[in-house]
Amino acid sequence: MNPARRRIIFAGIAGALLLGLARVLEGPSRPDSAATWGVRGSALSADGADVMRVIAPAILAGALPTEPGARRRALDDTLAGIATAIEGLPPIARDEIGSLFALLAWAPLRWALGGSLASLHAMTVADADALLESLRESRWSKKRAAYDALHQITFAAWYANPVSWPAIGYPGPPVLS
């Protein structure tokens, strides 16, 4: 057997093992997160909803309500705001953010990008913080750009919501008569 053929066979076997390992590490299949979190039919994919459900509390640390019901409503509103923000992006930007969500939703790539192999549903705020810090402090400009995108879209959605305004002393837009 020639060396080129062996490399192709080895690459195929290695790829199959990697995909199998990724499936095992990801755990059981997840529910339809987008439907669960009220963003069905929006520009925010199920992967995007999963990723942002984990990352938004780390980015908004200290700004979210502490009472569990109010916290969940605030996160749901933030996810809806993120979906609205994504809908307003040009198609190429929507594709890029969708690709970022898909990358972060897959455990092996999430580990390569930020060191976390935990399933998205098992990640803590500390895990998300570590992932974000890894992206923010990276020498690779693409990883820093990923951090910036996650950060900006989360803050845009959060501060566009009137619920967040009293905490920063913003009285709201002026009333035009």
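The values are calculated or read from the model by the stated rules, or taken from the named source; none is laboratory data. Predicted, not measured: the structure shown is a model, and the values here were computed from it. Cβ placement follows ideal geometry from the backbone for every residue including glycine, while neighbour counts extend to all protein chains displayed.
Yes or no, residue by residue, for (1) assigned by TED's automatic domain parsing to the domain that holds S119; (2) out of contact with any helix residue (DSSP H, G or I) (no Cβ under 7 Å at 6 or more places or on another chain); (3) crowded, with 20+ Cβ neighbours inside 10 Å; (4) at pLDDT 70 or above:
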{"residue": "A11", "(1), (2), (3), (4)": "no, yes, no, no"}
{"residue": "L21", "(1), (2), (3), (4)": "no, yes, no, no"}
{"residue": "R40", "(1), (2), (3), (4)": "yes, no, no, no"}
{"residue": "A43", "(1), (2), (3), (4)": "yes, no, no, yes"}
{"residue": "A46", "(1), (2), (3), (4)": "yes, no, no, yes"}
{"residue": "R71", "(1), (2), (3), (4)": "yes, yes, no, yes"}
{"residue": "A80", "(1), (2), (3), (4)": "yes, yes, no, yes"}
{"residue": "A85", "(1), (2), (3), (4)": "yes, no, no, yes"}
{"residue": "G88", "(1), (2), (3), (4)": "yes, yes, no, yes"}
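Does V54 satisfy being within 12 Å of the chain's Cα centre (by Cα) and among the β-branched types (V, I, T)? For V54, the condition - within 12 Å of the chain's Cα centre (by Cα) and among the β-branched types (V, I, T) - is met. For region 62-94, give me the residue count where each residue is assigned to a helix (DSSP H, G or I) and among the polar types (S, T, N, Q). So the count comes out to 2.
Of the residues G62, G98, only one is among the small types (G, A, S) and modelled with pLDDT of 90 or more; which?
G98
Counting residues in region 125-137 that are hydroxyl-bearing (S, T, Y) and outside any loop (DSSP other than H, G, I, E, B) gives one or more.
In region 39-61, the residues that are under 17 Å from R94 (Cα atoms) and part of a helix (DSSP H, G or I) reach residues that are modelled with pLDDT under 90 and charged (D, E, K, R) with C-beta atoms within less than 9 angstrom, at least six apart or across chains, in these pairs: A46/R30; A46/D32; D50/R30; V51/R110.
Based on what the data block shows, is R110 part of a helix (DSSP H, G or I) and at pLDDT 85 or above?
It is false that R110 is part of a helix (DSSP H, G or I) and at pLDDT 85 or above.
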